[in-house]
Amino acid sequence: MMKRLASTTLTLLLAALGGGLFALAGLPAAWLMGAMTAVAGGALGGLTLRLPSPLGTAAFVLLGISMGAGVTPDTLHQMASWPLSMALLAGSVAACLYACSAWLERVHRWDPATARYAAVPGALGAVLVLAAESRADLPRVALAQSLRLFVLVAAMPWLLDLVSSPPGLPPRPALSDPAGALPELALLVGASALAGLLFQRLRVPGGVLLGAMLGSALLHGSGLVDHRLPNWLLNAGFVVTGALIGSRFAGVTLASLRAALRPSLESVALALVLSSAFAWAGAWMLGLPFGQLWLAYAPGGVEAMTIVAFVLGLDTAFVGTHHVVRFAGLGFLARWWQPRRG
């Protein structure tokens, strides 16, 4: 028990230190990226780092609440463009799957099963379950998936800042009467948490985050509440999320990292180029922000890409919904596509 508490404390301290240093340096998505980088470095250095699941759940609820508070009527107006955008998403996923798996198989001589599952964008848990039924090299698939998520979270804020200058999080005014706001805040947190846990129970991808976002959006949209969580609480949520991503590298040896690094980075770069092409097409046809579409089509996880969209001030409902649809479609495709044991 004491060892677990010590490793959790060390993880949080390391994540907060990394986030604080990135924030002082003025880097984009500083608290998320800094925490992720610091924890990943510590894990690769042999430190015993872990976070209990309830802590991650609490962070996703807090971030979901803030995302829901930012859902605007413009989000509803944009829904008319979602069907065409989903069609472009399907094309992007198919192109990335084929190109990345072919690259890993033909250029780096990975076996077909490992190449295919390493190329599936996001959904690490589901991918590993399916890969276990095939001839795939599970440790290599897990490492390739973790590297892709790490690179996407680290790279997307920089890339989008270069090509589209996303607005970023708006200023969040302090509550004028914190004591008087407690009943509404309790309603907001309680209802959002229940919605998140319900979505998780229903096995919706990214259920806690998206359920909390929906619960918060309904409460704010109905006028029952009108509150924004303070920046320090949001930053705590980013730190925990970054630590969760970074802790994926626990137990990874430097030798296995070196072996998988170049193929994985090349695969991610190829997927980013292809998804950006579909995002440019969508921006031209639909009149939507390029950055919003690129994040929606990027081959990352539901929670990670939705949180990056939130940090950058982009439409989280749009991005999150696209990644849920992508996840569901990949579930059917991966089962049809998987090479079975011989």
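The values are calculated or read from the model by the stated rules, or taken from the named source; none is laboratory data. Source: prediction; values computed, not measured. Cβ placement follows ideal geometry from the backbone for every residue including glycine, while neighbour counts extend to all protein chains displayed. For the accessible areas, the whole protein counts, side chains as well, though only heavy atoms, and no ligand, DNA or RNA atoms are used. Shrake-Rupley method; radii C 1.70, N 1.55, O 1.52, S 1.80 Å.
Summary of computed values
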read-out: Stretch gain in nm, segment Met86-Ser53, where the contour uses 0.36 nm per residue and the Cα spacing is subtracted; value: 8.7 nm
read-out: Degrees separating the helix 138-163 axis from the principal Cα axis of the chain, which is the longest one; value: 50
read-out: Relative packing of 213-222, 153-162, which averages over residues the other C-beta atoms within 10 Å, highest first; value: 213-222, 153-162
read-out: Per-pair calculated FRET efficiency, R0 = 22 Å: Thr8 and Leu187 via Cβ, rounded to 0.05; value: 0.15
read-out: Helix axis angle, 53-69 relative to the chain longest principal axis, alpha carbon, degrees; value: 60
read-out: Packing rank of 265-271, 31-37, where each peptide gets the mean count of other beta carbons within 10 Å, highest leading; value: 31-37, 265-271
read-out: Globularity index of segment 270-323, i.e. its alpha-carbon radius of gyration over 2.2 N^0.38 Å; value: 1.01
read-out: Helix 231-246 axis, angle to the chain major axis (alpha carbon atoms, nearest 10°); value: 20
read-out: Kirkwood-type radius of the chain, with distances r between different C-alpha atoms, in Å; value: 20.5
read-out: Cβ-derived FRET efficiency at R0 22 Å, Leu138 paired with Val273, nearest 0.05; value: 0.20
read-out: Of all accessible heavy-atom area on the chain, the percent that carbon and sulfur account for (1.4 Å); value: 69
